[in-house]
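Heads up, the thing below is written out as structure tokens.
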Amino acid sequence: MPLITFQQQGQLGEIVINNPPQNQITADAVTDFSVALTEVAKSDVRAVLLRAEGDDFSFGADPSIFDGMDEAKAVGLAGAVLGFISAFEELPVPTIALVQGTASTVLSRHAWRPT
């Protein structure tokens, strides 16, 4: 089951992070995000809602994401992360984040919670 999914209801797209309990961004989540963003780009949505299941929006990248990787794999994963961030920033439609709990690191550039 994907950790990040895209759903469309009419002209509203919804990207859902579902990697409890902290919705951390893992290598699999990076791949799933890229797939979801590709689906958004191919759709006819006029806006995207980014939200997460659970108590927290996202604690950001899983700190162990690069553990045990050789340099080539780490560079490839870093490139994939930068690719999904760029794809997110380049979406041609407004994106709104529904944030609850903690929002940290990569995704907090796009969604934040005032204190």
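The values are calculated or read from the model by the stated rules, or taken from the named source; none is laboratory data. Keep in mind it's a predicted model, so treat the numbers as computed, not measured. Neighbour counts are summed over all protein chains in view; Cβ atoms, including those assigned to glycine, are modelled from backbone coordinates with ideal geometry.
Hey, any hits in the stretch 72-90 for a residue that's surrounded by 15 or more Cβ atoms within 10 Å (Cβ to Cβ) and part of a loop (DSSP other than H, G, I, E, B)?
no
Checking Ser58 against (1) at pLDDT below 95; (2) over 18 Å from Val99 (Cβ atoms); (3) among the small types (Gly, Ala, Ser), only one condition comes out false. Which one?
All conditions are met except number (2).
Go through the stretch 13-26 and report how many residues are touching a strand residue (DSSP E or B) at 6+ places or on another chain (Cβ under 6 Å) and free of Cβ contacts under 8 Å to residues at least 40 places away in the same chain.
4
Among what's in the stretch 35-71 and is outside any loop (DSSP other than H, G, I, E, B) and without any contact (Cβ under 8 Å) to a residue 12 or more places away in the chain, pick the residue that is farthest from Val16 (Cα to Cα).
Glu71
Quick check on the stretch 71-115: of everything there that is aliphatic (A, V, I, L, M) and over 19 Å from Asp32 (Cβ atoms), which residue is modelled with the lowest pLDDT?
Ala74
Please determine, by comparing only the residues of the stretch 9-34 that are in a helix (DSSP H, G or I) and of a type outside the set (D, E, K, R), which one is surrounded by the most Cβ atoms within 10 Å (Cβ to Cβ).
Going through the qualifying residues, I end up with Phe33.
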